[in-house]
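Take a look at the structure set out below.
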Amino acid sequence: MSLDTEKYKNRLKKNKAQVNLVPLIDVIFTILIFLMVTSSFQAAATSTSSSGKPEVSQSQGPSEYYLIPVSGLKTVMVNGVDMSKDIRNGEIAVHTDVIDNGEIIIKSKDGEIDITTPAGMTPDKAVKVPNT
């Protein structure tokens with residue numbers, strides 16, 4: 001008695017493997033529903049400020065100057081005037097009016113801060129030596 005291998009090979013070629021996607025979709029939806037039920041969502045805090053600067057009510061205490069620390073700070077220029085003498089431990093104290101109405105450009109790779117003050121503010125008032 002001989003085996004008919006050709007008939008068996010043809011039957012295997014005709015019957016290709018089929019993937020049923022219905023169970024896969026069921027598992028994905030089950031995981032999605034589980035994650036939605038167990039997650040907690042919170043609304044983002046709304047702020048009236050669009051600039052990203054802290055509001056006055058967010059500051060602690062009546063501070064007139066804020067510290068700006070920069071690693072390796074070497075140079076501070078205020079309206080083109082070198083104020084590097086006021087640097088202590090890589091920090092400089094900057095007046096709140098400069099933060100609110102002026103411009104501060106920090107070049108951390110160069111260790112430099114360029115400050116443009118609001119009109120009428122002197123460089124000596126714009127920055128000072130930090131209190132330690």
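The values are calculated or read from the model by the stated rules, or taken from the named source; none is laboratory data. What you are looking at is a predicted structure, and each value in this text was computed from that prediction instead of being measured. Cβ atoms come from the backbone with ideal geometry, glycine included; neighbour counts cover every protein chain shown.
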Is there a residue in the range 94-108 that is part of a loop (DSSP other than H, G, I, E, B), among the hydrophobic types (A, V, I, L, M, F, W, C) and exposed (fewer than 14 other Cβ atoms within 10 Å of the Cβ)? no
Could you grab the pairs with beta carbons closer than 8 Å, sequence gap of 6+ or different chains, first residue in the range 5-29 and basic (Lys, Arg), second one not in a helix (DSSP H, G or I)? none
Given the criteria aliphatic (A, V, I, L, M), touching an Asp or Glu at 6+ places or on another chain (Cβ under 6 Å) and buried (at least 16 other Cβ atoms within 10 Å of the Cβ), does residue 77 qualify? yes
Can residue 112 be described as within 17 Å of residue 72 (Cα to Cα) and at pLDDT 90 or above? yes
Looking at 50, 59, which is the one that is exposed (fewer than 10 other Cβ atoms within 10 Å of the Cβ), at pLDDT below 85 and not acidic (Asp, Glu)? 50
Within the range 75-89, the residues that are of a type outside the set (D, E, K, R) and either farther than 11 Å from residue 113 by Cβ or assigned to a strand (DSSP E or B) (or both) are 75, 76, 77, 78, 79, 80, 81, 89
